[in-house]
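Structure first, commentary second.
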Number of protein chains: 2
Amino acid sequence: MKRIKLEIAYDGTNYCGWQLQPGLPTIEAVINKALSELLGEEITVIGASRTDSGVHAKGNVAVFDTNTRIPAEKICLALNQRLPEDIKVQSSEEVALDFHPRKVNCRKTYEYRILNRKIALPMERLYSYFVYYPLDIHAMQKAAKYLVGTHDFKSFCSVKTQVKDTVRTIYDLTIRKEEDIIKITVTGNGFLYNMVRIIAGTLIEVGRGTLPPERIPEIVQGCDRSLAGPTAPPEGLTLINIEYLDNNFLRND
Amino acid sequence: MKRIKLEIAYDGTNYCGWQLQPGLPTIEAVINKALSELLGEEITVIGASRTDSGVHAKGNVAVFDTNTRIPAEKICLALNQRLPEDIKVQSSEEVALDFHPRKVNCRKTYEYRILNRKIALPMERLYSYFVYYPLDIHAMQKAAKYLVGTHDFKSFCSVKTQVKDTVRTIYDLTIRKEEDIIKITVTGNGFLYNMVRIIAGTLIEVGRGTLPPERIPEIVQGCDRSLAGPTAPPEGLTLINIEYLDNNFLRND
């Protein structure tokens, strides 16, 4: 028996998110099926991030256990031949049998893309959120600074969450503009349900001038979802990567 | 009666190209229908570039004649409300009644995108051509220099063309790499059927080392389609823009 770690990229457009849901197309279901067929064993992966419907990934992580004799590094290419074009494994490697992708210390990086111009661009529609009113980048950058650090992010968490501990650490939160695209890049030790999309929605309110950047600290301190901005739509969000720092069993779900 | 010029962006993925084809979804058909409904007149546009099935555009051009009282500049927004998300008009303006988008002097710019890495990326699949073997950019740049200028490009034209005069001028042909994406950008006074895709296919042969850059002049001089490389697939190609220089009735179809 060995444990294999996969890095997985996908276009979430045509899926109801990562997690298995009976009768619905999900990334996890497609990967379980392709792996089970390839290895001739019943495989169920454990994913690191259960991304929402319509959210994309360049480097989500999943692990599974197998008795296969196929070398770990070769699983990647063999699996890709059985995967559709909108899901492609980027790497496969053997890890310790007690490695759990949600229970070890890690840094996750997400990117939220906003298309900010007067008229929508068809080629950006699947991978960005179109905002036609002009956004003030500098105000957004100022607001972002208040979110960096260790805070109780309850105001930035969907009320649907079942998580009790809503304290998380944001290591880095940068906003830059390249032509018409504003990219919000955020790295943290873990994110609450919808947290990045609520941060994006709140920063957009700041960018359009309806929320002063100085209000961010009281929104954080209020620990109340209704204080923050709306949840920005899923198509703008991409999970960029997950870096595992060591094998400490710190919980950062 | 006035003549209106539209700049149109589209994602060609779900269309059988620009040009009307009975029973098939085409960009032209969607625009004619939306315009006719908006203006309450039977409208038929004349397009500048009849892009192929699967090819994209950020700035194709079309004109039509109308008796509408809607100001020319307002047609853009009103039309976009009737267009699907994968077709969006970027501007509308009145032009001279004798302005013909294919019969005046212009500069067209196309971009061909190649994803050059070992494993495909799902989010790039609709807008680039995936090439897994490493490409030598410098060899491609060297080859590109031979194509700039006024030449008979018959070797770089589909044999299906009906055009007799295969002489065209390429003003600029640059190749640059940004992360895993190689962008071939070409500006000319007009392009033959499949010309940019055959140039891309030929430069890829050069990049992979199967065709020395120094062979390009004899391929041009041979005036024989079979001498050049394959036609690269449509998804990598985007018509970036068309600049109209004056109203000379030079033919650059």
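For B:D165, the label point sits 7 Å beyond Cα toward Cβ; its separations from the matching points on the remaining copies run 7.6 nm, from shortest to longest. Calculate, for A:E42 and A:I240, the FRET efficiency according to 1/(1 + (r/R0)^6) with r their C-beta to C-beta distance and R0 41 Å; round to the nearest 0.05. Step by step, r from the Cβ atoms, then E = 0.85. Computed from the alpha carbon atoms alone, the convex hull of chain B holds 127 Å³ per residue. Taken about its Cα centre, the stretch A:2-95 carries a charge dipole of roughly 140 debye when the Cβ of each Lys and Arg holds +1 and the Cβ of each Asp and Glu holds -1.
By the count of other C-beta atoms within 10 Å, a proxy for reagent exposure, A:E178, B:E124, A:E94 are ordered fewest to most as A:E178, A:E94, B:E124. Applying both filters, DSSP loop and at most 14 other Cβ atoms within 10 Å, to the trypsin sites (Lys or Arg not before Pro) of the stretch B:88-195 gives B:K118, B:K160, B:K164. Averaging the Cα positions of each part gives two centres, and for the stretch B:81-120 and the stretch A:124-152 these lie 30 Å apart. Take the Cα of A:K145, go 7 Å toward its beta carbon, and the backbone nitrogen atoms of the stretch A:194-219 under 15 Å from that spot belong to A:213-217. Could you list the residues of the stretch A:50-71 with an amide nitrogen less than 19 Å from a label point located 7 Å from the Cα of B:K118 in the Cα-to-C-beta direction? Counting backbone N atoms under 19 Å from the label point, the list is A:58-62, A:70-71.
Relative to the current alpha-carbon distance between B:K74 and B:E179, full extension at 0.36 nm per residue lengthens the span by 33.9 nm.
Cα centroids of the stretch A:1-62 and the stretch B:185-242: 39 Å apart. Above 23 Å, the calculated P(r) of the stretch B:2-95 contains 14 percent of its Cα-Cα pairs.
The Rg/Rh ratio for the stretch A:106-244 is 0.95, where Rg is the radius of gyration of the alpha carbons and Rh is the Kirkwood radius. Under the rule a/c < 1.5 gives rounded, and otherwise a/b versus b/c splits prolate from oblate, where does the protein assembly as shown land using the Cα gyration tensor? Note, shape of the protein assembly as shown comes out oblate. By the scheme Lys and Arg +1, Asp and Glu -1, what is the net charge of all other residues having a beta-carbon under 14 Å from that of A:T66? Result for the local shell: -2.
Label-to-label distances for A:E179 across copies, nearest first, come out at 1.4 nm, using points 7 Å from Cα in the beta-carbon direction. Of the options B:A200, B:L227, B:G59, report the single residue whose Cα projects farthest towards the positive end of the charge dipole of chain B (beta-carbon charges: Lys, Arg +1; Asp, Glu -1). The listed residue farthest towards the positive side: B:L227.
Would you mind checking the pairs A:K142/B:K88; A:K103/A:K145; A:K183/B:K88; A:K74/B:K142; A:K183/B:K108; A:K88/A:K118 and listing those with alpha carbons more than 26 angstrom apart? With Cα atoms farther than 26 Å apart: A:K142/B:K88; A:K103/A:K145; A:K74/B:K142; A:K183/B:K108; A:K88/A:K118.
Please give me the summed charge of the neighbours of A:A144: other residues whose Cβ is under 14 Å from its Cβ, Lys and Arg +1, Asp and Glu -1. So the surrounding residues net to +1. Where chain A is rotated onto chain B, the residue of A whose Cβ comes nearest the axis, and that gap in whole Å, is A:L126, 4.
Net charge in the neighbourhood of A:S155 (other residues with Cβ under 10 Å of its Cβ; Lys, Arg +1, Asp, Glu -1) is -1.
Bear in mind that the values in this text are calculations on the coordinates, not laboratory data. Model, not experiment: these values are computed from the prediction. Neighbour counts run over all protein chains shown; Cβ positions are idealised from the backbone, glycine included.
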